[in-house]
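The next block holds one structure in the form of structure tokens; read it before the comments.
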Amino acid sequence: MSVQRVVSILHIDGGEGREIRHGDRAGQIRWARQPRARFECFACGWCSEAVTGPEAVKTFVSHIRTTHQAVCTAATGRNAA
């Protein structure tokens, strides 16, 4: 049996929004609580600032693991993120 440990965590809160169905804003989302995300690396102790908003979260989530792995001080010889 191999032992696995968590070395990083990506927190994502999808927020709370409702789609506008009528009028000139139909199809848009009215946010009661914006989506948020943040990343923590337990290997080196780094914690990102939280990003807020649907586009910011989408961009952050798609890049944070590889971006942090490139600069992680504990990444020597293993996958840090």
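Leaving ligands and nucleic acids out of the surface, order Val51, Val3 by accessible area at 1.4 Å, largest first.
Values: Val51 35, Val3 140 Å².
Sorted by accessible area, descending: Val3, Val51.
Per DSSP helix of 4 or more residues, -39500 (n - 2.57); summed, then divided by the residues of the chain. What does that give at 222 nm, rounded to the nearest 500?
On the way: 1 runs with 18 residues, N = 81.
My calculation for the chain gives -7500 deg cm²/dmol from helical runs alone.
So how much accessible area does Glu55 have, in Å² to the nearest 10, using a 1.4 Å probe?
Solvent-accessible area, nearest 10 Å²: 130 Å².
Kindly express, to the nearest 10 degrees and within the range 0 to 90, the angle between helix 54-71's C-alpha long axis and the longest C-alpha principal axis of the chain.
Helix 54-71 and the main axis of the chain meet at about 10 degrees.
As a test question: what accessible area, to the nearest 10 Å², does His63 have when a 1.4 Å probe is rolled over all protein chains in place?
It works out to around 100 Å².
How much accessible area per residue does the chain have, counting only protein heavy atoms and a probe of 1.4 Å, in square angstrom?
On the way: 6070 Å² over 81 residues.
So the chain comes to 75 Å² accessible per residue, rounded to a whole number.
Which of the peptides 38-47, 21-30 is most tightly packed, and how do the rest follow, judged by the mean count of other Cβ atoms within 10 Å per residue? Before the final figure, lay out each step's value.
Numbers: 38-47: 17.0, 21-30: 9.2.
Per-residue mean Cβ counts within 10 Å order the peptides as 38-47, 21-30.
How large a share of the accessible area of the chain, in percent, is made up of carbon and sulfur atoms when the probe is 1.4 Å and the other protein chains stay in place?
Values: 3100 of 6070 Å².
The C+S portion of the solvent-accessible surface of the chain is 51 percent.
Let me cross-check Thr73: its accessible surface, 1.4 Å probe, with only protein heavy atoms counted, in Å² to the nearest 10?
120
The values are calculated or read from the model by the stated rules, or taken from the named source; none is laboratory data. Please read all numbers here as calculations on a predicted model, not as lab measurements. When we count neighbours, we look across all protein chains shown, and the Cβ atoms used for this are built from the backbone with ideal geometry, even at glycine. Ligands, DNA and RNA are stripped out before the accessible areas are found, and what is left, the full protein with its side chains, is counted by its heavy atoms. Shrake-Rupley method; radii C 1.70, N 1.55, O 1.52, S 1.80 Å.
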